[in-house]
Structures are given as structure tokens and as C-alpha cells.
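One structure is given here, and the rest of the page talks about it.
The values are calculated or read from the model by the stated rules, or taken from the named source; none is laboratory data. Here the structure is a predicted model, which is why all the values come from computation and not from measurement. Cβ sites come from the backbone with ideal geometry, for glycine too, and all protein chains shown count toward neighbours.
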Amino acid sequence: MSRPEPMQRDRIIGWTLSGLVLLFLAMDAGGKLIAPAMMIANSPPLGIPAETGLYRQLGVILAVCGLLYAVPRTAVLGAILLTGYLGGAVAMHWRVGSPLLSHTLFGVYLGVIAWGGLWFRDPRVRALIPIAG
């Protein structure tokens, strides 16, 4: 079995990382859309209204951001929007004093993986953010 070329290897790594992010986003958005009452019941007290309509709206926003991120032509826009969404989640957890490493910074971890996946799969992002030379 031959080894993949460097560009092909980068794309595989990128889509693997992006796939992990998209899987999490799909589960989170799906939960908010399909069973918002269960999501509300299992969410920590974050100080947002416990209304199923609000959770459904958040699910739609997250699903749209995830779809934009999944499509190569709109992936950068999707990553930017996801970064904003995740930043709100980090701020909300920080405000209520959630555990730092597990809850508060989870949005940061997910954002780093999302941008890392995009960096590996899109040469335009690598040109814009030249991490490795």
C-alpha cells in the first residue's frame, strides 16, 4: 500500500478533523431541534430562558453554521460563524462559573479543531495562516 502524497494526506487530516467537529455539531443541533425539552433539562443553569423555542432557534443557527462549514466554497464563512457561536458558549459558561477545563473551554477546543481541520483541507487558509513552513 502506497503512502498518500503530502497534499492528499493534509486533506485527509483536514476532513477527519472537520468531520469530528461536524459530528459534534450535528448531534448538538439535532438535540436542540428534536428534543429541546430534554436539552433544557440536561443543561446546566446558564441563565438563559428554558424555552423550547429558543433552543430550537439555537439548533437552527448551529445547523446553518455547520452546513456552511461543511461546504468547501463556504467553509471559511462557516468557520467564522462557528467561532462566534462558540465564543458565546464560552462566555456563557465563564459567566456562571462552569468548570474551566471541561465546560468553559470546550468551545475553544472545538473552535481550534474546526480551524485546524480547515487549515489542513484548504490551501487558501494555509496561505493566510502560515503556521508550518
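Miscellaneous remarks
- Where helices (runs of 4 or more DSSP H) fall entirely within region 68-133, those with at least 2 residues that are hydrophobic (A, V, I, L, M, F, W, C), without any contact (Cβ under 8 Å) to a residue 12 or more places away in the chain and more than 20 Å from L58 (Cα to Cα) are at 123-128.
Every residue, every condition in (1) touching a Pro at 6+ places or on another chain (Cβ under 7 Å); (2) farther than 21 Å from H93 by Cβ; (3) in contact (Cβ under 8 Å) with a residue 12 or more places away in the chain, yes or no:
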| position | (1), (2), (3) |
| --- | --- |
| P6 | no, yes, no |
| I13 | no, yes, yes |
| S18 | no, yes, yes |
| D28 | no, no, yes |
| K32 | no, no, yes |
| M38 | no, no, no |
| A41 | no, no, no |
| P44 | no, no, yes |
| I48 | no, no, yes |
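- For region 42-52, the condition holds for no residue, the condition being that it is modelled with pLDDT of 95 or more and either small (G, A, S) or outside any helix (DSSP H, G or I) (or both).
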